[in-house]
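We did not get these values from a lab; they are worked out from the coordinates using the rules stated. These numbers were taken from a predicted model, which means no experiment stands behind them. Here the Cβ positions follow ideal geometry from the backbone for every residue, glycine too, while neighbour counts run over all protein chains shown.
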């Protein structure tokens with residue numbers, strides 16, 4: 001597979017993080033989270049679509065009662081008094097009052113979406129509220145947010161594919177490892193214009 005073009009024109013590099021390396025890191029995160037919550041019930045809020053594979057593997061490594069909730073982000077362009085802006089909307093919030101909550105996402109780039117969701121979840125007055133991500137991209141951060149738990153840090157601005165993350169053409173989620181995607185020839189032409 002190394003160096004072979006992916007379906008629909010995205011070429012991938014070889015795995016940067018192998019399936020074995022990811023599994024070992026997720027197991028270590030599970031042990032760390034288990035120690036932090038000491039057997040207390042943990043409400044895990046999973047962001048769809050990116051976080052589902054990471055969350056599925058992570059919760060199986062946590063030795064405590066776990067309840068899962070799922071949220072899907074919806075980014076919309078809205079106009080308010082003649083000013084256009086982008087807003088992030090989420091579906092219904094679960095009732096988390098007095099509970100230990102762990103937000104799980106696959107990637108934190110700018111941190112804007114996660115910060116917004118953490119604020120919304122915090123309105124429910126949970127006992128604790130933490131963030132776990134598979135990939136942390138600190139150079140891209142636009143807000144003062146750091147994950148409480150992360151699998152790997154990277155400075156790469158490329159699109160990551162595999163382990164639940166899709167490439168530009170929505171494929172590649174089922175790759176067991178993580179690799180960076182190279183833009184297709186068509187998308188490179190669009191950028192040059």
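Using a Förster distance of 25 Å, how high is the FRET efficiency between residue 77 and residue 125, based on the Cβ-Cβ distance and rounded to 0.05? Computed FRET efficiency for residue 77 and residue 125 comes out at 0.20.
In this rough spin-label picture, where each label sits 7 Å from Cα along the Cβ direction, the residue 156-residue 34 distance is 3.0 nm. A simple spin-label model places the labels of residue 19 and residue 41 3.6 nm from each other, with each point 7 Å out along Cα-to-Cβ.
Taking a ≥ b ≥ c as the square roots of the eigenvalues of the Cα gyration tensor, an a/c ratio of 1.5 or more together with a/b no larger than b/c marks region 20-156 as oblate.
Where both bridge residues fall in region 16-122, DSSP classifies roughly 40% of the beta bridges as antiparallel.
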